[in-house]
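Working notes, structure below.
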Amino acid sequence: MMKFHHRLMLLISSILIISFVTLGIIIHASITYVLSEKHEQALATDARSYIYLVQDNEIDKVKEIVKQQNIDLLITKNDKKVFSSGKLKATQNSDSYIQKKDVFIFNKKVNGYHVWIKGYNNDITEMHWTLWKYLILTCLVVLICLYFASRSFKRTLIRPIQEVTYATQLLANGYYHIRVPESNVIETKALFVSTNDLARRLQKLNNEQKMQSNRLKTTIENIPSAILMIDRNGKIVVANKAYYEQFNISHNIEQVGYHGYVNTEIEQLILESFKVEKPIYEQLEVAINQVHAKYFDISCVPILTRSQKSLQGILVVMHDITNLKQLENLRREFVANVSHELKTPITSIKGFAETLIDGAKNDAESLDMFLNIILKESNRIESLVTDLLDLSHIEQHTELDTDYMNLSDLTRRIIDNMMTQANQKNISIHTDIEKDVIVKAQESKIAQVITNLLTNAINYSYEDGDINVRVYRDDFRVIFEVQDFGIGIKLEDQQRIFERFYRVDKARSRDSGGTGLGLSITKHIVEAHQGNIEVNSQVGKGSTFKVILKDYKE
């Protein structure tokens, strides 16, 4: 498409050329008319002169003049030829003057004679040629001046406008740092200043928007809850990091439909929120894959315009409450287990106390037996309460009173103290204890760990069995290992033996006086020392427990 200044140049040039042509035509016609009138008058004068000469019988002089002027002359009177210099013939037309190109024909009656003069007159043609030559030359000069004027116009007005246009296009494309060099031309200076001011304002707004966008993006990305923002066309606009992680999505799902990327139950909530255009809150169990499921507190909030009349999309927030649900279940199990563990000895104490009140106290043998049972059940309650307090103390992450201690010596002392309990089942304890294994720990807590593991090994071993105890270094680790050859633990139970009140063999555990908290306390103590505990067991072949701590060599 032709540019504006080119169109303007073409228009002015066209007007100028048309004006010159029109002017030339007018002058051309005027010159023709004026020169023809003068020539006709001159010919009329010459005709009278020729007549006078003819009347004076100076025919030779007329011929000489005709020859000099290179004309044809015919003079008649009463249709009789008086003089003829050539092939010119008389015509009926009279009183006429005709100029065709360079040839003219004079046909007039003068003083009673009829005169015809035919000749060549190029004065008009030369005048015309001179006229058009100067007109064309003038037009060319004017056009050249117009060209340079247009260049100056373009440089001072058009080019600045083009620069502003280009700058605004760049601004529209997001290049807000663009500035236009300010012009000294009064007509365009205000435009340049306004454009640069607009660019600065847009850059400032863009920087503020980017900052707000980055803040919002950082906030959304670091929110632990899964977030989806869906537009009114059903396309995902925003999906934060937590959503990708919690639903195991490895590819970008933005700008695609949400169908297929959310659970069926969640999809129903989204559709309902689109329909009613009101917030919807729900707690759902969502299958993450074929094995795992999680609980989510889901909020579907419609995004409306400021006028609250048009729906723009839906914001879906999915807060993972799986741990809360698990804690709730653990709390319920804990309350139920504690109630059950306390109910049994309390019921026993109450029953035997009522029996004594009803008269058994008068029987010395029954009195002694019932009191021993009441004492045993009371000790069981005391052990349970003590273990619960220990577990609570450990879970509160109370700072440990650690110091360098000799694990080898501590293990030997505890084994010596437990030999009486082992001898009751004729169990042999074999040791392989490396000398002077040093750890940094709270000695009383590590002693509790060793005691709990050895007690379990004795309780769940068969009579006349064996227990192996090892203490050794492995690279930068210290390992305490207890191996028994007792009843063993099923694979499905091995993941739960460290839970509170969980027993593999409930009857055997209660008969041994256990509270069901020993391994849970052991695990918490080991983890409080930045250690780890492992179990390896087979049913009917026994179990091996490993406590792994950091090595401190002196």
> Somewhere in segment 321-335, is a residue among the hydroxyl-bearing types (Ser, Thr, Tyr), loosely packed, with under 15 Cβ neighbours inside 10 Å and modelled with pLDDT of 70 or more?
Replying inline: no
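For (1) exposed (fewer than 15 other Cβ atoms within 10 Å of the Cβ); (2) closer than 27 Å to Glu64 by Cβ, each residue gets a yes or a no:
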| position | (1), (2) |
| --- | --- |
| Ser85 | no, yes |
| Lys89 | yes, yes |
| Gly119 | no, yes |
| Trp129 | yes, no |
| Leu135 | no, no |
| Tyr147 | yes, no |
| Gly174 | yes, no |
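Rundown of residues vs (1) farther than 26 Å from Trp129 by Cα; (2) in a loop (DSSP other than H, G, I, E, B); (3) not β-branched (Val, Ile, Thr), yes/no style:
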position	(1), (2), (3)
His39	no, no, yes
Ala44	yes, no, yes
Ile51	yes, no, no
Val54	yes, no, no
Asn57	yes, yes, yes
Val66	yes, no, no
Asn107	yes, no, yes
Ile117	no, no, no
> From the residues in segment 405-416 that are touching a residue at least 12 places away in the same chain (Cβ under 8 Å) and within 16 Å of Thr455 (Cα to Cα), which one is surrounded by the most Cβ atoms within 10 Å (Cβ to Cβ)?
Replying inline: Thr411
> Got a sec? Which of Leu143, Leu88, Leu131, Leu137 is more than 15 Å from Tyr50 (Cα to Cα), assigned by TED's automatic domain parsing to the domain that holds Glu37 and not in a strand (DSSP E or B)?
Replying inline: Leu88
> Taking Asn452 and the conditions (1) assigned to a loop (DSSP other than H, G, I, E, B); (2) surrounded by 17 or more Cβ atoms within 10 Å (Cβ to Cβ), which numbered condition does it fall short on, given that it satisfies the others?
Replying inline: (1)
> Out of all the residues in segment 424-444, is one or more among the hydrophobic types (A, V, I, L, M, F, W, C), part of a loop (DSSP other than H, G, I, E, B), touching a helix residue (DSSP H, G or I) at 6+ places or on another chain (Cβ under 8 Å) and modelled with pLDDT under 80?
Replying inline: no
> Can you tell me which residues in segment 118-135 are hydrophobic (A, V, I, L, M, F, W, C) and at pLDDT below 80?
Replying inline: Ile124
>> I'd like the full set of residues that are of a type outside the set (S, T, N, Q), in contact (Cβ under 8 Å) with a residue 40 or more places away in the chain and farther than 14 Å from Asn536 by Cα, limited to segment 446-473.
In response: Ile446, Val449, Ile450, Leu454, Ile458, Tyr460, Gly465, Ile467, Val469, Val471, Tyr472, Arg473
> Is it fair to say Lys80 is out of contact with any His (no Cβ under 8 Å at 6 or more places or on another chain), without any contact (Cβ under 8 Å) to a residue 24 or more places away in the chain, assigned by TED's automatic domain parsing to the domain that holds Ser13 and loosely packed, with under 14 Cβ neighbours inside 10 Å?
Replying inline: yes
>> It is to be established whether one or more residues within segment 224-243 are among the acidic types (Asp, Glu), within 30 Å of Thr322 (Cα to Cα), at pLDDT 85 or above and not assigned by TED's automatic domain parsing to the domain that holds Ile12.
In response: yes
> Which helices (runs of 4 or more DSSP H) sit wholly inside segment 463-554 and have at least 2 residues that are closer than 26 Å to Lys425 by Cβ and modelled with pLDDT under 75?
Replying inline: 506-511
> Given the conditions (1) within 25 Å of Glu272 (Cα to Cα); (2) surrounded by 13 or more Cβ atoms within 10 Å (Cβ to Cβ), which single one is not true for Ile249?
Replying inline: (2)
> Somewhere in segment 176-186, is a residue of a type in the set (Asp, Glu), more than 30 Å from Lys38 (Cβ to Cβ) and either assigned to a helix (DSSP H, G or I) or not assigned by TED's automatic domain parsing to the domain that holds Asp72 (or both)?
Replying inline: yes
> When the residues of segment 455-471 are filtered to those that are aliphatic (A, V, I, L, M) and within 10 Å of Ala422 (Cβ to Cβ), which remaining residue is surrounded by the most Cβ atoms within 10 Å (Cβ to Cβ)?
Replying inline: Ala457
> Within segment 253-268, how many residues turn out to be outside any loop (DSSP other than H, G, I, E, B) and without any contact (Cβ under 8 Å) to a residue 40 or more places away in the chain?
Replying inline: 5
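The values are calculated or read from the model by the stated rules, or taken from the named source; none is laboratory data. Predicted model only: the values in this text are computed from it and were never measured. Cβ atoms come from the backbone with ideal geometry, glycine included; neighbour counts cover every protein chain shown.
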